[in-house]
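In what follows, a structure is listed as structure tokens, so that the remarks can point back to it.
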Amino acid sequence: MTDCVFCKIIAGEIPSCKVYEDEQAIAILDITQVTPGHTLLIPKRHYRNLLEMDAASTAELFSLTPSLATKILSATGASGLNIVNNNEEPAGQTVFHTHIHFLPRYQEGDDFDITFTAHEPDFEKMASLAEKIAKS
């Protein structure tokens, strides 16, 4: 993809702060640094998002997660880590080349927030939705 910023980074056309690279993937510090050490794991092959990837490519990409997460935690001294993948614009995807965010979390000075709001469960609706998902 000629207009994809991640493809340009992978091709060496745009500089980046690389923390990992192999034949299939690259990990770089995110230019936005939502939290210090915010890292992106990106497959070298262009996929719009995770939904376009086959099972083998997805497994290969995610197999790098434990090692990369451990390195980030060790290097930053963070006390936690969010691992996030956004698929399509409503989910927050802004660069349409699959990537996984690693967001180190700190006890203080950390303005990143993911909040899950609990809703009162309607088990009848949940059972219907579960059946629909299972059959899809």
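Table for the structure above
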{"quantity": "Computed label-point distance, nm, for sites residue 62 and residue 112 using a 7 Å Cα→Cβ extension", "calculated": "2.0"}
{"quantity": "Summed residue charge, Cβ within 11 Å of residue 54's Cβ, Lys/Arg positive, Asp/Glu negative", "calculated": "-1"}
{"quantity": "Environment charge of residue 81, counting only residues whose C-beta is closer than 13 Å and scoring Lys/Arg +1, Asp/Glu -1", "calculated": "+1"}
{"quantity": "Evaluated at q = 0.11, 0.15, 0.20 Å⁻¹: base-10 log I(q)/I(0), Debye formula over Cα of the chain", "calculated": "-0.49, -0.83, -1.22"}
{"quantity": "Surrounding net charge for residue 36, when Lys and Arg each add one and Asp and Glu each subtract one, Cβ distance under 13 Å", "calculated": "-3"}
{"quantity": "Pairs of lysine residues in the range 5-135 - Cα separation under 29 Å, sequence separation of 8 or more or cross-chain", "calculated": "7"}
{"quantity": "Neighbour cut-off at most 12 other Cβ (10 Å), DSSP loop, GluC sites (Glu not before Pro), the range 5-48", "calculated": "13, 23"}
{"quantity": "Helical contribution to [θ] at 222 nm, DSSP H n ≥ 4, -39,500 (n - 2.57), averaged over the chain, rounded to 500", "calculated": "-8500 deg cm²/dmol"}
{"quantity": "Loop-located GluC sites (Glu not before Pro) in the range 75-136, at most 16 other Cβ atoms within 10 Å (DSSP)", "calculated": "88, 108"}
{"quantity": "Lone cysteines, the chain (no partner Cβ under 4.7 Å)", "calculated": "17"}
{"quantity": "Percent RCO, i.e. relative contact order, over the chain, from Cα pairs under 8 Å lying at least 6 residues apart", "calculated": "24"}
{"quantity": "Residue exposure sequence - 51, 81, 40 - by fewest surrounding Cβ within 10 Å", "calculated": "51, 81, 40"}
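Read the figures in this text as sums done on the coordinates, not as results from a lab. Model, not experiment: these values are computed from the prediction. Note that we place each Cβ from the backbone using ideal geometry, even for glycine, and neighbour counts take in every protein chain shown.
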